[in-house]
Amino acid sequence: MKLRQLDRRYLGRESEAEDVQVVRTEGCYVYDERGKRYIDFLSGWCVGNFGWGNREITKKTQRRRPDYINPEYLYRPWVELAQLLAEITPGKLEKTFRATGGSEAVDIALQVAMASTGRRKFISVEGSYHDNTIGTVSVAGSEGREPYPNRLSNCLTIAPPLGRRAAERLEHLLAKRDVAAFIMEPISCNLAVLIPEDGFVERAQQLCRRYGTLFIADEVACGFGRTGKVFACEHFDLQPDILCMGKAITGGYAPMGATIVTRKVAKSVEDKVGFWSTYGWHPSSVDLAIATVGWLKKNAGKLMGHVGEISAYIADRLGAMDFDEIRVRGMAIAAETGDEDTASEIAERCRKNGLLVTTSGAAITMFPPLTLDRRTAKQGLDILERALS
């Protein structure tokens, strides 16, 4: 029986698997079982931000470690990583709760917000995606909620674009002082690189503070350099009460999530909530996260400068192609085609010619590794340009 048939029979998926059987990854490339090399403009969808097989990261993870740690015990690397996260995240974030991935990290944030405020309502951006628990599905876009009749109630949304009217809608919803948290990706990779209009995030933060609502920044996808800043919050001087992390926190080498909160929020939930996660921050994942975050902290200035240069080159190239609109912030990139079928056809032609991209509605979306060099960027964009004709 062929692999696709076995996959269809034994693996639960939302949709049919794409026709790429991966056997190896290296740098900016993915290799299939036939030895074909693909330029990777996806990074596993915002996971391998620092390139596959980055020896500067992996060489630091060879130390001896316990096989497992009871979550109630002391473990020095847990504290070491939590301290690193407090140092690199924006604002006054300080205390971290351990998680296995983005879904658990966002779910923890929702629980903390309810326990801290004593409120039960949430507001999110319509069409957004915040992972796959009942809680996180509840605060996502309304379109994906239908299969789950027993999701959280009192979850409201504001519709893009995120400008003046969205801010007015947000204030109307917050004014009753019964909303636990407003949750958003500061730059939404999940909404085809939706970038808030000038002033929206600042206004949203002011409104949350005025009405006693916590601001949750979901940086699972847009964090760790993806948008040209270490965290997307930095584009807007956003100082969230809670910030969620996952994906690139380990460079893609192991699963992990994290939810970091301010000292004030942490104090407000003491003795109220606990988050026992059996595999949250497994020793092997922690070693990789410490190496990854440490490498990023050391090289952030140089790396973000490189991202700015390659990002500008990509924007110039895309601007000269036949797209309706382009949105580029760092290595979060979207190019609107005007039609969903057209976007899918372009992505398929790219794949056949050795370039991995994806689609979001009518947009071609790309999330290359931050270490992408200009030569490889040119090769990938040349393939994309040919796919348009």
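The values are calculated or read from the model by the stated rules, or taken from the named source; none is laboratory data. If you're wondering where the values come from, they're calculated on a predicted model, not measured in any experiment. Note: ideal-geometry Cβ built from the backbone for every residue, glycine included; neighbour counts use all protein chains shown. What goes into the accessible areas is simple: the full protein's heavy atoms, side chains included, and nothing from ligands, DNA or RNA. Shrake-Rupley method; radii C 1.70, N 1.55, O 1.52, S 1.80 Å.
Enter the per residue convex hull volume of the range 4-120, computed from alpha-carbon coordinates, in Å³ rounded to the nearest integer.
Per residue, the Cα convex hull of the range 4-120 comes to 218 Å³.
Please state, rounded to one decimal and in Å, the Kirkwood hydrodynamic radius that the range 122-206 gives when every pair of distinct Cα atoms enters the mean of 1/r.
This gives a value of 13.2 Å.
Grab the eigenvalues of the alpha-carbon gyration tensor for the range 267-310, scale each by 5, take roots, and send me the semi-axes largest first in whole angstrom.
33, 16, 9
So what is the relative contact order for the range 309-387, in percent, with contacts set as C-alpha pairs under 8 Å and at least six apart? Could the numbers behind the result be given before it?
Numbers: 106 pairs, mean separation 23.7, N = 79.
So the answer I get is 30 percent.
My understanding is that a pair violates if its Cα-Cα distance is over 25 Å; which of K247/K352; K59/K95; K95/K297; K59/K298; K229/K352 do that in this structure?
K247/K352; K59/K95; K229/K352
Take the alpha-carbon centre of the range 139-158, take the same for the range 56-126, and report the distance between them in whole Å.
25 Å
What list of ³J(HN,Hα) values in whole Hz, one per residue of the range 4-9 in order, does the Karplus curve 6.51 cos²θ - 1.76 cosθ + 1.60 (θ = phi - 60°) give from phi, with Gly and Pro shown as x?
4, 5, 5, 4, 4, 7
Taking all protein chains in place and a 1.4 Å probe, what share, in percent, of the accessible surface of the range 69-213 do carbon and sulfur account for?
Carbon and sulfur atoms account for 48 percent of the accessible area of the range 69-213.
Two decimals is fine: what's Rg over Rh for the range 297-343, C-alpha atoms, Kirkwood radius as Rh?
The Rg/Rh ratio comes out at 1.13.
With a probe of 1.4 Å, find how much accessible area the range 1-103 has per residue, and write the answer as a whole number in Å². Could the numbers behind the result be given before it?
Details: 6760 Å² over 103 residues.
I get 66 Å² per residue for the range 1-103.
Mind computing the radius of gyration and Dmax over the alpha-carbon atoms of the range 256-389? Å is fine for both.
Gyration radius and largest Cα-Cα distance of the range 256-389: 19.9, 61 Å.
Taking +1 at the Cβ of each Lys and Arg and -1 at the Cβ of each Asp and Glu, which of S116, I69, W45 sits farthest along the dipole of the range 24-119 towards its positive end, judged by Cα position relative to the Cα centre?
I69
When the Kirkwood hydrodynamic radius is evaluated over all pairs of different C-alpha atoms of the range 102-252, what value in angstrom, to one decimal, is obtained? Can you show the working numbers first?
Values: mean 1/r = 0.0661 Å⁻¹.
The answer is 15.1 Å.
Kindly provide the pair-distance distribution of the range 324-365 built from C-alpha pairs, with 5 Å bins from 0 and whole-percent values in order of increasing distance.
6, 28, 30, 24, 13, 1
Helix-derived [θ] at 222 nm for the chain: sum -39500 (n - 2.57) over DSSP H runs of at least 4, divide by residue count, nearest 500?
-11500 deg cm²/dmol
Cα atoms only, the range 53-169: Rg and Dmax in Å?
Final numbers for Rg and Dmax: 18.6, 55 Å.
Per residue, what volume in Å³ does the convex hull of the Cα atoms of the range 164-278 enclose?
Normalising the Cα hull of the range 164-278 by residue number yields 119 Å³.
Given a cut-off of under 8 Å on Cα pairs at least six residues apart, what relative contact order in percent is computed for the range 50-197?
RCO, the range 50-197: 20 percent.
Gap in Å between the Cα centre of the range 299-315 and the Cα centre of the range 10-51?
Between the Cα centre of the range 10-51 and that of the range 299-315, the gap is 23 Å.
Select from G252, G212, G228 the residue whose mean-square fluctuation is largest in a Gaussian network model of the chain (Cα-Cα springs shorter than 10 Å).
G212
Could you state, as a whole-number percent, how many of the C-alpha pairs of the chain are farther apart than 27 Å?
50 percent
How high is the relative contact order of the chain, in percent, counting Cα pairs under 8 Å that sit 6 or more residues apart?
Contact order relative to length: 22 percent.
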